[in-house]
1. Among the strands (runs of 3 or more DSSP E) lying completely within region 82-195, list those that include at least 2 residues that are of a type in the set (Ser, Thr, Tyr) and over 17 Å from the mean Cα position of the chain (by Cα).
2. Picking from 157, 181, which residue would you name as being farther than 18 Å from residue 210 by Cβ, away from the ligand (no atom under 15 Å from the Cβ) and modelled with pLDDT under 95?
3. Where in region 197-245 are the strands (runs of 3 or more DSSP E), entirely inside, with at least 2 residues that are surrounded by fewer than 24 Cβ atoms within 10 Å (Cβ to Cβ) and more than 11 Å from the ligand (Cβ to nearest atom)?
4. Here are some residues: 55, 13. Which one is under 22 Å from residue 272 (Cβ atoms), touching a residue at least 60 places away in the same chain (Cβ under 8 Å) and in contact with a His (Cβ under 7 Å, 6 or more places away or on another chain)?
5. Name the residue, out of 18, 84, that is under 23 Å from residue 284 (Cβ atoms), at pLDDT 95 or above and in contact with a helix residue (DSSP H, G or I) (Cβ under 6 Å, 6 or more places away or on another chain).
6. In region 262-279, is there at least one residue being modelled with pLDDT of 95 or more and over 19 Å from the mean Cα position of the chain (by Cα)?
7. When region 11-36 is examined, which residues are found to be assigned to a helix (DSSP H, G or I) and under 30 Å from residue 266 (Cβ atoms)?
8. Filter region 9-27 for residues that are more than 18 Å from residue 57 (Cβ to Cβ) and either crowded, with 20+ Cβ neighbours inside 10 Å or under 18 Å from the mean Cα position of the chain (by Cα) (or both) and give the result.
Amino acid sequence: VARILDGRAAASALTARLGERVKALAATGLVPGLALLRVGEDPASASYVRSKERASRDLGIASSTLVLPSDIRKDTLLDEIHRLNADRSVHGILLQLPLPPHLPEDELLAEIDPAKDVDGFHPMNAGRLCLGLPGFVPATPLGIVRLLQHYEIPTAGRRVVILGRSRIVGRPLASLLSLKGPEGDATVTLCHSRTRGLPEIARTAEILVAALGRMQWVTAEMVAPGAVVIDVGIHSEPDPDRPGKRRVTGDVDFAAVEPIASAISPVPGGVGLMTVACLIENTVRAAEAAARAAGN
Ligand SMILES: NC(=O)c1ccc[n+]([C@@H]2O[C@H](COP(=O)([O-])OP(=O)(O)OC[C@H]3O[C@@H](n4cnc5c(N)ncnc54)[C@H](OP(=O)(O)O)[C@@H]3O)[C@@H](O)[C@H]2O)c1
């Protein structure tokens, strides 16, 4: 039976350590500030932003959400970003994606001050990650690394297969795990919709990461006995056991894979919680850098 990689336990251990760092900053008179920008009323985005705001507030971070209308003009949103860039009480800025189709995501993300880009989506931070230079790493890949660290699962020299090459999960995770050093040193294969023979490749993984956005897509046939399986997917479907209710599932067929894997992250209760904790980690780091720059 696989060990369950409990995101709640790992996230609470991480946030306890971050809480100490927030207290140390507070002792110097600095309260970390996080500004969350949400455009429109997408229910999933609203729920993600709420949980990010709540978790950061619980830790003593001054976080606030600005909800903007879905028909907002690009220039008005740019003005908001520039205002937050200039606000010294704000150390982290997060622009919740996806944006309505009329707004150019890349252009807007590139306007966030890289020193406040706690989502790590600015080209400067993405480039620094590729080069192995310090910067902000997107919260989901960082959360996966932190989850593996919490359970003392080494990556050095191991074969990692990542299913999905998105900019927010698969691609930055491939960069991170292949970096030289204790957080990486893995041999990484990045798969996508044009990959040939994906099930055979997946079966070579000692650590298999599913980030495709396909509900319960990873079956037992794709998993080598003893592999560590990380499920990044988030899906909502009608709950067969509770009529009229919905339940959350992942990209992995948990019931089929759990008996084969040596360890597996559940959905819910896995990577999602680590993502929120790592957003907070990035915000605390941004505030610490601001404190150092101010000579505190
Ligand atoms: N837990 C969290 O905190 C968290 C954070 C972010 C995302 N998520 C979840 O993670 C999942 C992935 O999100 P994302 O934003 O990374 O997704 P995305 O942008 O839609 O990217 C999906 C990736 O999977 C690949 N793919 C899709 N179907 C495939 C198939 N049948 N065979 C092989 N490759 C396939 C795509 O290939 P192509 O590039 O060739 O199209 C693409 O690279 C979603 O369920 C999302 O809700 C969770």
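The values are calculated or read from the model by the stated rules, or taken from the named source; none is laboratory data. What you see is a predicted model, and the numbers here were worked out from it, not measured in a lab. As a convention, Cβ positions derive from the backbone with ideal geometry for all residues, glycine included, and neighbour counts pool all protein chains shown.
1. It comes to 187-191.
2. On inspection, the qualifying residue turns out to be 181.
3. Those strands (runs of 3 or more DSSP E) span 235-238.
4. Of 55, 13, the one residue that is under 22 Å from residue 272 (Cβ atoms), touching a residue at least 60 places away in the same chain (Cβ under 8 Å) and in contact with a His (Cβ under 7 Å, 6 or more places away or on another chain) is 13.
5. 18
6. Yes, some residue in region 262-279 is modelled with pLDDT of 95 or more and over 19 Å from the mean Cα position of the chain (by Cα).
7. Within region 11-36, 11, 12, 13, 14, 15, 16, 17, 18, 19, 20, 21, 22 qualify.
8. 9, 10, 13
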